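Taking it in order: structure first as structure tokens, then the write-up.
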Amino acid sequence: MGDLGEEMFDGLLHDSHRCHPEDLIDLVATHSAPVGLHDPRLYLADLQQVNLVRVPRGRVETPVRPTERIPIDTTSVGRVFRRTGIQYVPAEDGRTHMWLPLLEGAERLGVLRLTVDGRDRDHVDPVIKRRARRLASLVGLLVVTKRAYSDTLVGLTRHNDMTLSAEMQWGLLPPLTFATDRIVVAGALEPAYKVAGDTFDYGVVDEGVHLALFDAAGHDLNSAVVVGLAAAAYRQGRRQGLELRELGDAIDEKVAARFGPPELVTGVLAHFDAGTGKLEWVLRGHPPPVLIRDGKWVKTLWLKPGLPMGIGLRRPTELGSVQLEPGDRLLFYTDGVTEARDADGNEFGLERLVDFVIKREADALPATEALRRLIGSILEHQHGHLQDDATVLLVEWGG
């Protein structure tokens, strides 16, 4: 990459440790200009991944509102985010704007624009292209690090105030996307600013991934507290090594001890071994997941459902097991997705849900983009106003 490139990355990494979140773009500009990467502009996806919002340079007063929004669905810059490709756009001065996806693993954060010498893609130095790609990767990592304690970066990606219950739920969620060379896990939930009773969680150990989806009764602050307790009990039991049926019983016991009926939680708890392809799962009063293979709905993972959690009654729970094949997709969902009704009372329905995912697979869309479009379709079905929380978890196994 050359000495200049090494100096850029070395200096940027060193200075980033004590960098104020709002000084990040200035820091990048200082270190990238000497190697031919000029005028960095950072755009982050908003909470619902509808727009890319520009992050201002320098310190700002909070709350801050974005001065520039770029629609994700209808613009060429939005395509950089949707398809995670690189776009070259001629600049006014004979140079070129490079638009690069901003990623942390498989999670799409936004896009980065850099201005480079060369009037078009074919005339940009390959060394500059390589530096730009590596810089975008580093900036993605820095954004995740700084966003963890920056109200400015978080606030920029919101266009509405959150309810207290939604603030609680988003604070408990794991990253919306996780990926290795074998498995992808992607989640989405709506209504983003008012979500209360739904949540999901996952955890990775060795070749396996633990998965859970929860849905608490009601749609208020109490529902958020109940489902938050269920998710915490799930993490505790999972990390103690409990098997799936024991996990469900432990969650049931803790929710019942603190609340009890009518404050109940339904859920699906699963473990998938990405090394062997074996999936195990239990249902606690929750809709069963769906298995999609080769663009077809091949199986609904029915089990005799156990009791919802929070009743405090131990009853035998059936454990399901199925062998997956490379390329399979697993679809977990809450009833707020399938029971979403339009103005005429027509449900979104399971068939439409599965058909949507299958069609996006045929379009060769990654799981993250498929879910983004699915949530948009559900919102459109209800004209933007959901009567219940709608949560989806999509798992892809590469074999």
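The values are calculated or read from the model by the stated rules, or taken from the named source; none is laboratory data. If you're wondering where the values come from, they're calculated on a predicted model, not measured in any experiment. Cβ atoms come from the backbone with ideal geometry, glycine included; neighbour counts cover every protein chain shown.
Observations on the structure shown:
- In the stretch 175-187, the residue that is nearest to His219 (Cα to Cα) out of those that are buried (at least 23 other Cβ atoms within 10 Å of the Cβ) and under 8 Å from the mean Cα position of the chain (by Cα) is Gly187.
- Meeting the requirement of 3 or more residues that are under 18 Å from Tyr333 (Cβ atoms) and touching a Leu at 6+ places or on another chain (Cβ under 7 Å), the strands (runs of 3 or more DSSP E) wholly within the stretch 212-305 are 265-273, 278-284, 290-293.
Every residue, every condition in (1) under 23 Å from Glu325 (Cα atoms); (2) part of a loop (DSSP other than H, G, I, E, B); (3) in the same structural domain as Val268 (by TED's automatic domain parsing); (4) in contact with a helix residue (DSSP H, G or I) (Cβ under 9 Å, 6 or more places away or on another chain), yes or no:
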site	(1), (2), (3), (4)
Arg352	no, no, yes, yes
Asp355	yes, no, yes, no
Arg360	yes, no, yes, yes
Ala364	yes, yes, yes, no
Arg372	no, no, yes, yes
Gly376	no, no, yes, no
Glu380	no, no, yes, no
Asp388	no, yes, yes, yes
Val392	yes, no, yes, yes
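- Qualifying residue in the stretch 346-369 (condition: closer than 21 Å to Leu247 by Cβ and either modelled with pLDDT of 95 or more or not aromatic (Phe, Trp, Tyr) (or both)): no
- Filtered residues of the stretch 190-211 (kept if of a type outside the set (S, T, N, Q), buried (at least 19 other Cβ atoms within 10 Å of the Cβ) and under 26 Å from Arg158 (Cβ atoms)): Glu190, Pro191, Ala192, Val195, Ala196, Gly197, Asp198, Phe200, Asp201, Tyr202
- Candidate set from the stretch 63-95 (those that are farther than 16 Å from Ala136 by Cα and of a type in the set (Ser, Thr, Tyr)); member that is modelled with the lowest pLDDT: Thr67
- Strands (runs of 3 or more DSSP E) (entirely within the stretch 1-71) containing at least 2 residues that are over 20 Å from Glu107 (Cα atoms) and touching a residue at least 60 places away in the same chain (Cβ under 8 Å): 38-45
- Residue list for the stretch 336-370, restricted to those being over 24 Å from Arg182 (Cα atoms) and among the aliphatic types (A, V, I, L, M): Val337, Ala340, Ala343, Leu350, Leu353
- Within the stretch 139-158, the set of residues being in contact (Cβ under 8 Å) with a residue 12 or more places away in the chain and surrounded by fewer than 16 Cβ atoms within 10 Å (Cβ to Cβ) comprises Tyr149, Asp151, Gly155.
- Matching residues in the stretch 99-122 - criterion: being under 16 Å from His38 (Cβ atoms) and without any contact (Cβ under 8 Å) to a residue 60 or more places away in the chain: Trp99, Leu100, Gly118, Arg119
- Among (1) of a type outside the set (Ser, Thr, Tyr); (2) surrounded by 14 or more Cβ atoms within 10 Å (Cβ to Cβ); (3) within 27 Å of the chain's Cα centre (by Cα) - the single one Gly312 does not satisfy: (3)
- Screening Val50, Val60 for residues that are β-branched (Val, Ile, Thr), at pLDDT below 95 and farther than 24 Å from Ala186 by Cβ leaves exactly one candidate, Val60.
- Qualifying residue in the stretch 214-222 (condition: surrounded by 17 or more Cβ atoms within 10 Å (Cβ to Cβ), among the hydrophobic types (A, V, I, L, M, F, W, C) and more than 24 Å from Leu394 (Cβ to Cβ)): yes
- Any pair with Cβ under 6 angstrom, 6 or more apart, that starts in the stretch 271-292 at a residue that is at positive phi and ends at one that is assigned to a strand (DSSP E or B): Gly277/Gln323; Gly285/Thr266
- The one condition from (1) surrounded by 19 or more Cβ atoms within 10 Å (Cβ to Cβ); (2) touching a residue at least 24 places away in the same chain (Cβ under 8 Å) that Arg360 does not meet is (2).
- Asp355, sole failed condition from (1) within 18 Å of Val392 (Cβ to Cβ); (2) surrounded by 15 or more Cβ atoms within 10 Å (Cβ to Cβ): (2)
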